[in-house]
Amino acid sequence: MNKETAVKVNGLHKIYPSGVHAVEGLSFNIDKGEIYALIGPNGAGKTTTLRIIATLIKPSNGKVNIFGVDVLDNPNEVRKMISYLPEEAGAYRNLKGIEYLKFMAGFYSRGSRSPEDIAGEAAEISGLGERLLDKIKTYSKGMKRRLQIARTLAPHPMLAILDEPTSGLDVMASMEIRDTIKKYREKYGITILLSSHNMLEVEYLSDRVGIIFKGKLLAEGAPSDILERTGAHNLEEAFRFLIREVGA
Ligand SMILES: Nc1ncnc2c1ncn2[C@@H]1O[C@H](COP(=O)(O)OP(=O)(O)O)[C@@H](O)[C@H]1O
Ligand SMILES: [Mg+2]
């Protein structure tokens with residue numbers, strides 16, 4: 001049986017006006033229902049790639065389509081299918097958690113689901129319970145990220161794009177967020193594209209990873225396949241092996 005393709009990226013380039021060539025000929029596909037992680041060090045081009053896929057910036061060259069819809073030809077159609085969590089998402093410090101979720105749900109409400117329905121589910125996904133009644137400025141970094149992850153998954157997007165969902169969080173907070181992402185992927189068949197500079201943690205979360213360095217894909221596959229191919233014990237070791245191989 002042919003799997004449906006959620007994301008097709010073909011020959012993608014991004015050159016910023018400053019002259020920085022942030023993405024250099026990137027190609028990869030993501031199947032429907034997959035968790036796919038772009039991993040690589042800071043400056044590798046992950047955020048740039050995610051922002052292009054999320055229709056926020058335009059590529060200099062190359063094609064991206066989401067469930068068959070081209071991001072340049074039809075960005076509004078793409079926006080209906082996705083939700084996007086920026087790397088450094090702010091969250092209105094003076095709102096209560098629950099107010100923030102209701103506010104965000106207003107943007108995502110479409111089709112049969114009301115904003116109240118989406119906000120209610122987001123409240124549940126966040127796991128913040130009574131703390132949702134407190135202002136966001138009283139939250140820890142981990143609680144803020146849970147709130148944002150919840151507002152991203154609750155609308156059941158066809159594709160959720162999560163830029164560094166667990167960056168800067170401690171082990172417990174990261175584990176909770178990883179579990180939440182997995183749980184809701186399974187529950188609603190949401191396709192997940194995430195990025196991380198933490199190569200070790202995505203090993204446990206992702207079906208497949210793309211290792212990206214200086215705007216190029218060094219390797220791609222299930223974490224176990226990449227380990228086997230490189231003879232590494234973990235993805236960090238595999239990364240070191242791969243950059244030596246390309247002489248970077
Ligand atoms: N808005 C921008 N203008 C110019 N250069 C940028 C911009 N955003 C990112 N870059 C540059 O593009 C490269 C890739 O950055 P980025 O996509 O943020 O990588 P990552 O998310 O992997 O850390 C870096 O060299 C970065 O400095
Ligand atoms: Mg980034």
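The values are calculated or read from the model by the stated rules, or taken from the named source; none is laboratory data. Note that the structure is a prediction, hence the values are computed from the model and not measured. Please note: Cβ atoms are built from the backbone with ideal geometry, for glycine as well, and neighbour counts cover all protein chains shown.
Quick look at the numbers
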item	result
Every residue from region 5-24 that is within 15 Å of ligand 1 (Cβ to nearest atom) and hydroxyl-bearing (Ser, Thr, Tyr)	16, 18
Filtered residues of region 1-50 (kept if modelled with pLDDT of 95 or more and charged (D, E, K, R))	8, 14, 24, 31, 32, 34, 46
Subset tally (residues that are more than 16 Å from ligand 2 (Cβ to nearest atom) and either crowded, with 20+ Cβ neighbours inside 10 Å or under 25 Å from residue 13 (Cα atoms) (or both)) for region 192-202	1
Selected residue (only one of 97, 25 is more than 16 Å from ligand 2 (Cβ to nearest atom) and at negative phi)	97
Subset of region 133-191 [crowded, with 20+ Cβ neighbours inside 10 Å and on the phi > 0 side of the Ramachandran plot]	164
Residues being in a loop (DSSP other than H, G, I, E, B) and farther than 21 Å from residue 41 by Cα - total across region 167-185	0
Some residue of region 162-180 being more than 16 Å from ligand 1 (Cβ to nearest atom) and at pLDDT 95 or above	no
When residues of region 25-75 are limited to those that are surrounded by fewer than 15 Cβ atoms within 10 Å (Cβ to Cβ), part of a strand (DSSP E or B) and not polar (S, T, N, Q), the one nearest to ligand 1 (Cβ to nearest atom)	25
Filter result (surrounded by fewer than 22 Cβ atoms within 10 Å (Cβ to Cβ) and either assigned to a strand (DSSP E or B) or within 13 Å of ligand 2 (Cβ to nearest atom) (or both)) within region 8-21	8, 10, 11, 13, 15, 21
